[in-house]
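Since the structure comes first, as structure tokens, the remarks are kept for the end.
Bear in mind that the values in this text are calculations on the coordinates, not laboratory data. All values derive from a computational prediction rather than experimental measurement. Using ideal geometry, Cβ is built from the backbone for each residue, glycine included, and neighbour counts are taken over all protein chains shown.
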């Protein structure tokens, strides 16, 4: 999209989500309402405009900016977005400004093929694997039966939540019951180190969100087992679906790296991909 203004925008995820839903509404009002108001797992996530250390975007008039929406319901959302992409060039209202859309790129993938590729990364590995999560945008985790957010990325809240999203993906194999997987995670995944900070960002209209950002270093035991491999696949999927509350507005965006562990339990520097060393 092309910016019609030069100004500083606070975290763009929320207004971009509103713009996306309004665009859907022009083509299918019932779908737009159902997607956002659903009490079940919401079948999309968003990657906002690039931002600075304060999660703000410096807009410059005439400059192009892009954002991404990952769609997990191939029978509803994707069909409508294809109609939008192939129709007249739309405009998006972001806050009080109208952004002309220059181009819409669309790419589709087969979910089960992606999961096979992700789990194949640990083919032949045994024992414990390091998994580093970098939380790029403020992240909040849900607490059962409470509205308040949970601000510590403990494995039993992070990985089962990702599994719930995966199990909602259209045409994907439902790989495990969440309750059974939760029990496995509590025994086989733990935090080996972290560098986190709590941040508070404005969302407009006197609203704010508090979340954590930074790096967490998990260790996954029994990585050669089916659930160990599943955990690595879900870690990769987290880069697409985001983690925690308000992931549809770009909160909980993560980048993930895997580490082979040397005999002393530290990340190996020989071969493989080296991530964030545990303190």
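Here are the numbers for this structure:
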| item | result |
| --- | --- |
| Among 53, 37, 68, residue whose mean-square fluctuation peaks in a GNM of the chain (springs only between Cα atoms under 10 Å) | 53 |
| Contact order normalised by residue count of the stretch 111-260, Cα under 8 Å, 6+ apart, percent | 41 |
| Residues of the stretch 44-83 with amide N under 15 Å of the 7 Å Cα→Cβ point at residue 26 | 80-83 |
| Alpha carbon centroid spacing (whole Å) that separates the stretch 142-211 from the stretch 1-54 | 21 |
| Solvent-free Debye scattering, log10 I(q)/I(0), computed from the Cα coordinates of the chain at q = 0.13 Å⁻¹ | -0.93 |
| Over the stretch 7-100, equivalent-ellipsoid semi-axes from the Cα gyration tensor in Å | 24, 16, 11 |
| Convex hull of the stretch 140-180 built on C-alpha atoms - directionally averaged projected area, nm² | 3.4 |
| Degrees between helix 226-241 axis and first principal axis of the chain (Cα, 0 to 90, nearest 10) | 20 |
| Tensor-based shape of the stretch 93-174 (alpha-carbon gyration tensor, a/c under 1.5 rounded, otherwise prolate or oblate) | oblate |
| Cα long-axis angle, helix 13-27 against the chain (0 to 90 degrees, to the nearest 10) | 60 |
| Taking the stretch 22-146 and dividing mean pair separation by its residue count, relative contact order in percent (alpha carbons under 8 Å, at least six apart) | 16 |
| Folded to 0 to 90 degrees: helix 155-166 orientation relative to the chain principal axis, Cα | 50 |
| Relative contact order of the chain, pairs being alpha-carbon contacts under 8 Å that are 6 or more residues apart, as % | 24 |
| For 201, 162, 104, order by how many other beta-carbon atoms lie within 10 Å, fewest first | 104, 201, 162 |
| Which of 171, 157, 245 has the fewest Cβ neighbours within 10 Å, and the rest in rising order | 171, 157, 245 |
| Fewest-first sequence of 66, 40, 109, 3 by Cβ atoms within 10 Å of each Cβ | 40, 109, 66, 3 |
